[in-house]
Amino acid sequence: MQIMLNGDSSDVPDGLNVEGLLAHLEIPLRKVAVERNLEIVPKSRYADTLLQAEDRIEIVHFIGGG
Amino acid sequence: MPDDGKSISEADTLRVAGREFNSRLIIGTGKYESYAQNADALRASGAEIITVAVRRVNLTNPDEPMLVDHISPDDYTFLPNTAGCFTGEDAVRTLRLAREAGGWDLVKLEVLSDPKHLYPDMAETLRAAEMLIKDGFQVMVYCSDDPVYAKKLEEIGCCAIMPLGAPIGSGLGIQNPVNIRLIVEEAKVPVIVDAGVGTASDAAIAMELGCDGVLMNTAIAEAKEPVRMARAMKHAVIAGREAYLAGRMPKKKYADPSSPLAGLI
């Protein structure tokens, strides 16, 4: 299915939850935060938050800044 | 008795939002050659708080170096910023993500305006601060050196007031010491000069004005030797603070000999 992932259209397997998405992208779950359709997804909800087609997902982390 | 260099700074801590820090220097983590150099500069500076930005993970290169691999949030207090946010809504969204990523509610709010001078948009800063405080954040706020706005930010509950010394990244030093001093005299929360410091004497001047701390990024990151400059800034902040606490001598119009005139041969 197609989702918007960090601003770009992306094809991901159907039936994926947030935990599965991060594993699919090989992103360490501990170091990031995830937003789905402008709502924070708490880490405790990664496993039971199922993605839907057209979802807008943002995955962020800390980088250098002033 | 010889000064061990620690006795005063240990007793004289920076207290922000119920937290206590030995160092009054806060440093940024932008513009360094590498995160490794950044980590070395951080150690040399003695800083205990660092500012960080929140950005999208680079999905095309998951092996890209990550800040947290070089500077651990277990060792330092991360102060997530809102750089790049132009509205209160953007700031709240960004810092909610930061809170989820790290679990911290102590944040640095900055709502900028024109990219040419990067002056804060104070009306929007005030609105964003109110939104964040309502959402449970402890807000250290970047602001102009306007004592009226500084007071308003304190009154709505910001835990530290952080006026600019000069535009971000300019290295021009403290341009308006009169205003900084006015803000210090009026504030009951810590006042931290944020932005504008170019070299060690600028940091010392900020501290001599009675500020509680100094936040800087470019002055260290863009020095020819960032690690050495980080060490210089550590000493400057301590020197300025000590001079402020010691109380400077009055300025006089004419000379006053240091050696007694009595008993001259």
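The values are calculated or read from the model by the stated rules, or taken from the named source; none is laboratory data. Being a predicted model, the structure only gives us computed values, none of them experimental. Every residue, glycine as well, gets a Cβ built from its backbone with ideal geometry; the counts of neighbours run over all protein chains shown. Keep in mind that these areas ignore ligands, DNA and RNA; they rest on the heavy atoms of the full protein, side chains included. Shrake-Rupley method; radii C 1.70, N 1.55, O 1.52, S 1.80 Å.
Using a cut-off of 24 Å between alpha-carbon atoms, which lysines can reach B:Lys188, once sequence neighbours fewer than 8 places away in the same chain are excluded? Partners within reach: B:Lys108, B:Lys134, B:Lys151, B:Lys152. Couplings for the stretch B:205-216, taken from phi via the Karplus curve 6.51 cos²θ - 1.76 cosθ + 1.60 with θ = phi - 60°, read 4, 4, 5, 5, 6, x, 5, 8, x, 9, 10, 8 Hz in order; Gly and Pro are left as x.
Can you tell me the FRET efficiency between B:Thr87 and A:Asp14 if r is taken as the Cβ-Cβ distance and R0 is 25 Å, rounded to the nearest 0.05?
0.10
If R0 equals 35 Å, the separation of the Cβ atoms of B:Thr77 and B:Arg228 corresponds to a calculated FRET efficiency of about 0.90.
Free of any chymotrypsin sites (Phe, Trp or Tyr not before Pro) that DSSP assigns to a loop and that have at most 15 other C-beta atoms within 10 Å, the longest stretch within chain B is B:87-253.
So if each residue of separation counts as 0.36 nm, and I subtract the Cα-Cα distance between B:Ser113 and B:Ser34, what length gain in nm does that give? Could the numbers behind the result be given before it?
On the way: separation 79, 0.36 × 79 = 28.44 nm, distance 2.84 nm.
Taking B:Ser113 through B:Ser34 to full extension adds about 25.6 nm, to one decimal.
Projected onto their three principal axes, the Cα atoms of chain B cover extents of 83, 40, 36 Å, largest first. Within the straight-line cut-off of under 18 Å between alpha carbons, the lysines reachable from A:Lys43 are A:Lys31, sequence neighbours fewer than 8 places apart in one chain being disregarded.
Given the DSSP H assignment, sum -39500 (n - 2.57) over each helix run of at least 4 residues in chain B and divide by its residue total; what's the result at 222 nm in deg cm²/dmol, nearest 500?
Calculated at 222 nm, the ellipticity per residue is -11000 deg cm²/dmol.
Taking other residues whose beta carbon is less than 10 angstrom from the beta carbon of B:Gly46, and scoring Lys, Arg as +1 and Asp, Glu as -1, yields +3. Working note: Cα atoms of the stretch B:42-110, range along each principal axis, descending, whole Å: 36, 31, 19.
The spacing between the stretch B:192-218 and chain A, judged by their C-alpha centroids, is 40 Å. In the context of the full set of protein chains, chain B has a per residue accessible area of 49 Å² (1.4 Å probe).
Bridgeable lysines around B:Lys224 (alpha carbons under 16 Å apart, same-chain partners fewer than 8 residues away excluded): B:Lys31. Between the alpha-carbon centers of the stretch B:8-57 and the stretch B:225-254, tell me the distance in whole angstrom. For the stretch B:8-57 versus the stretch B:225-254, the Cα centre distance is 19 Å. Residues of the stretch A:4-26 with backbone nitrogen within less than 18 Å of a virtual label 7 Å along the Cα-to-Cβ line of B:Asp63, please, listed as ranges. A:24-26, by backbone N distance to the label point.
Look at the alpha carbon pairs under 8 Å that are at least 6 residues apart: their mean separation over the length of the stretch B:29-110 gives a relative contact order of 31 percent. Between 0 and 90 degrees, rounded to the nearest ten: what's the tilt of helix B:122-134 against the longest Cα principal axis of chain B? On a 0 to 90 degree scale, this one is about 70.
Comparing B:Ser72, B:Ser170, B:Ser23 in a Gaussian network model of chain B where C-alpha atoms under 10 Å apart are linked, the largest mean-square fluctuation is found at B:Ser72.
Which residues, if any, in the stretch B:28-45 have at least 10 Å² less accessible area in the whole protein complex than in the isolated chain, probe 1.4 Å? Listed in order, they are B:Thr29, B:Gly30, B:Tyr35.
What the Cα atoms of the stretch B:132-265 give is an Rg and a Dmax of 18.1, 76 Å.
With all protein chains in place and a 1.4 Å probe, the accessible surface of chain B carries 52 percent carbon and sulfur. Positive contributions from Lys and Arg (+1) and negative ones from Asp and Glu (-1), summed over other residues with Cβ under 13 Å from the Cβ of A:Pro28, come out at -2. Buried accessible surface for the B/A pair, both sides summed and rounded to the nearest 100, is 2500 Å² with a 1.4 Å probe. Note on chain B: with a GNM built from Cα contacts shorter than 10 Å, the maximum mean-square fluctuation among B:Pro147, B:Pro115, B:Pro190 falls on B:Pro115. In summary, the convex hull built on the alpha carbon positions of the stretch B:1-140 has an orientation-averaged projected area of 10.8 nm².
Take the Cα atoms of the protein assembly as shown, build their convex hull, and give its volume per residue in Å³. Before the final figure, lay out the partial values.
Details: hull volume 53.6 nm³, N = 331.
Spread over its residues, the Cα hull of the protein assembly as shown gives 162 Å³ apiece.
Can you give me the % of accessible surface on chain A that is carbon or sulfur? Probe 1.4 Å, all protein chains present, nothing else counted. Carbon-and-sulfur percentage of accessible area, whole number: 48.
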